[in-house]
2 protein chains.
Amino acid sequence: MPRPREFDEDRVVLAVRDEFWDKGYAATSMDDLLRVSGLGKGSLYGAFGDKHRLFLRVLRDYDDANLRGLRERLDAAPRGVDVVREFVLGVAGDPTGAAARRGCLLANSTAELATSTPDVAAEARRSYDAITAILTEALARAQREGDVDPGADPAGIARAVLAAQLGVMALGRTGMDVAELDAVARSALTRLLPTPSR
Amino acid sequence: MPRPREFDEDRVVLAVRDEFWDKGYAATSMDDLLRVSGLGKGSLYGAFGDKHRLFLRVLRDYDDANLRGLRERLDAAPRGVDVVREFVLGVAGDPTGAAARRGCLLANSTAELATSTPDVAAEARRSYDAITAILTEALARAQREGDVDPGADPAGIARAVLAAQLGVMALGRTGMDVAELDAVARSALTRLLPTPSR
DNA sequence: GGTGTTCTGGACGGCATGGTCAAGAACTCC
DNA sequence: GGAGTTCTTGACCATGCCGTCCAGAACACC
């Protein structure tokens, strides 16, 4: 009996996400969000609550999608080590450098907001823990597949790989040349994932 | 002949820096800055220009101080490799975790502003290039001192070390337990700086 | 077609924002 | 002590901000 919604919730979340991603949380105004979403104030507030709650919703959806993607890539990958390598190399994957300059919404948000907004820090921990778990699984598989030194600790490598990826991402955000960024990623990977001598 | 200033410029820059550091650029209001600096509007604007110019001044001073510190540590260090290790381990150096949660002003600012503010991205490139140069020098020295594989490329390791440090810092900002953060840093270092087999 | 429910769009309010400006104060040099 | 210069204080402005609210619209069910 109620009047049905005229907008698709997921579409709105994506549009709003891009705005937050490009401008940062504090620099994004509600007017910006209304513009990119195409909604009126009543609709946006009614469906998502205030700016802070909307942002958290956007962030959670973003993280969940990323985690799902990583998991799917691992399940589909012929070799576990490929997923790990792609996880780091992907940062410099866009030859135009636009993706590298944009960085990761979660990483950007954590850097901007972690001090003042515990919710965001907690979300980041949750997400990074989950990524570490998947990477650990990938590395354990890589050991069985003979691509990683079987004597190493997969969880230890996983954390180092995650740190390396975050670091490459931070460098990418400075606008560093993509070729150079790719070199940084490869340099880190070469040392973090030494091929077992066979 | 002119009336002398009643404030110390460097003290103001430091006070303002802490405010930007804790709240981020956009979330810091001019009123905040007036409060922590103790200045009136006319004085602050007269001495530093608007918010954006003041911020850039703060960021440059911060970077310069960091670079000077790194350089001095290298000049004073008994072994080149110690500087490199400390560069990464220092992120988890404060046992309370407060420093790790706070992160680095430059890294935080780059994540928040790089897209919208080319000045900040350029400053970050300048700073990271300079850090890479010092780390490269430290690693070359470490090779001569027998602490790093002489066959490796110092510049390549330096970039990977910088990425690892930035990554550990990003994780520290999430509020990750300090002991765990320290473990990540050590895990990365162990693999990036293998002791030469002698 | 009437009724109850939710959705929509925008008007509105109150406040915080960044930045300007002017009037007077503090100092040095002559 | 007068003149010239810069510094200080805070009033002031225009705008932008977030969030509330309400009158009307759109639907499902009876």
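Selection of the range B:180-198 for residues being open to solvent by 10 Å² or more (accessible area, probe 1.4 Å) and closer than 28 Å to B:Ser109 by Cβ yields B:Glu180, B:Asp182, B:Ala183, B:Arg186, B:Ser187. Against the list (1) open to solvent by less than 30 Å² (accessible area, probe 1.4 Å); (2) more than 9 Å from chain A (Cβ to nearest Cβ), the condition B:Gly167 fails is (2).
For A:Asp177, work out the one condition from (1) touching a residue at least 40 places away in the same chain (Cβ under 8 Å); (2) open to solvent by 40 Å² or more (accessible area, probe 1.4 Å); (3) touching a helix residue (DSSP H, G or I) at 6+ places or on another chain (Cβ under 8 Å) it doesn't fulfil. Checking A:Asp177 against (1) touching a residue at least 40 places away in the same chain (Cβ under 8 Å); (2) open to solvent by 40 Å² or more (accessible area, probe 1.4 Å); (3) touching a helix residue (DSSP H, G or I) at 6+ places or on another chain (Cβ under 8 Å), the one that fails is (3).
Going through the range A:78-98 one residue at a time, which ones are over 28 Å from A:Pro194 (Cβ atoms) and without any contact (Cβ under 8 Å) to a residue 24 or more places away in the chain? Matches in the range A:78-98: A:Ala98 only.
Scanning the range A:9-33 for residues that are away from DNA strand C (no atom under 11 Å from the Cβ), of a type in the set (D, E, K, R) and either under 26 Å from B:Leu113 (Cα atoms) or touching a Phe, Trp or Tyr at 6+ places or on another chain (Cβ under 6 Å) (or both) yields A:Arg11, A:Arg17, A:Asp18, A:Glu19, A:Asp22, A:Lys23, A:Asp32.
Here B:Val36 qualifies as within 15 Å of DNA strand C (Cβ to nearest atom) and closer than 21 Å to A:Thr115 by Cβ.
Picking from residues in the range A:103-128 that are of a type in the set (Ser, Thr, Tyr) and in contact with an Asp or Glu (Cβ under 7 Å, 6 or more places away or on another chain), the one that is nearest to the other protein chains (Cβ to nearest Cβ) is A:Thr115. Among the candidates B:Val16, B:Val12, B:Val58, the residue that is within 12 Å of DNA strand D (Cβ to nearest atom), touching a helix residue (DSSP H, G or I) at 6+ places or on another chain (Cβ under 6 Å) and part of a helix (DSSP H, G or I) is uniquely B:Val12.
Quick one: in the range A:132-160, of everything that is of a type in the set (D, E, K, R) and within 12 Å of chain B (Cβ to nearest Cβ), which residue is nearest to B:Asp182 (Cα to Cα)?
Step one: of the range A:132-160, the residues of a type in the set (D, E, K, R) are A:137, A:141, A:144-145, A:147, A:149, A:153, A:159.
The next check asks that each one be within 12 Å of chain B (Cβ to nearest Cβ); those that pass are A:149, A:153, A:159.
Numbers: A:Asp149: 23, A:Asp153: 16, A:Arg159: 11 Å.
Per the stated criteria, the residue is A:Arg159.
For the range A:71-104, give me each residue that is among the acidic types (Asp, Glu) and either open to solvent by less than 20 Å² (accessible area, probe 1.4 Å) or farther than 16 Å from A:Thr174 by Cβ (or both). Result: A:Glu72, A:Asp75, A:Asp82, A:Glu86.
The values are calculated or read from the model by the stated rules, or taken from the named source; none is laboratory data. Since the model is a prediction, treat every value here as computed from it, not as a measurement. Using ideal geometry, Cβ is built from the backbone for each residue, glycine included, and neighbour counts are taken over all protein chains shown. Accessible surface is based on the protein model in full, side chains and every heavy atom, while ligands, DNA and RNA are left aside. Shrake-Rupley method; radii C 1.70, N 1.55, O 1.52, S 1.80 Å.
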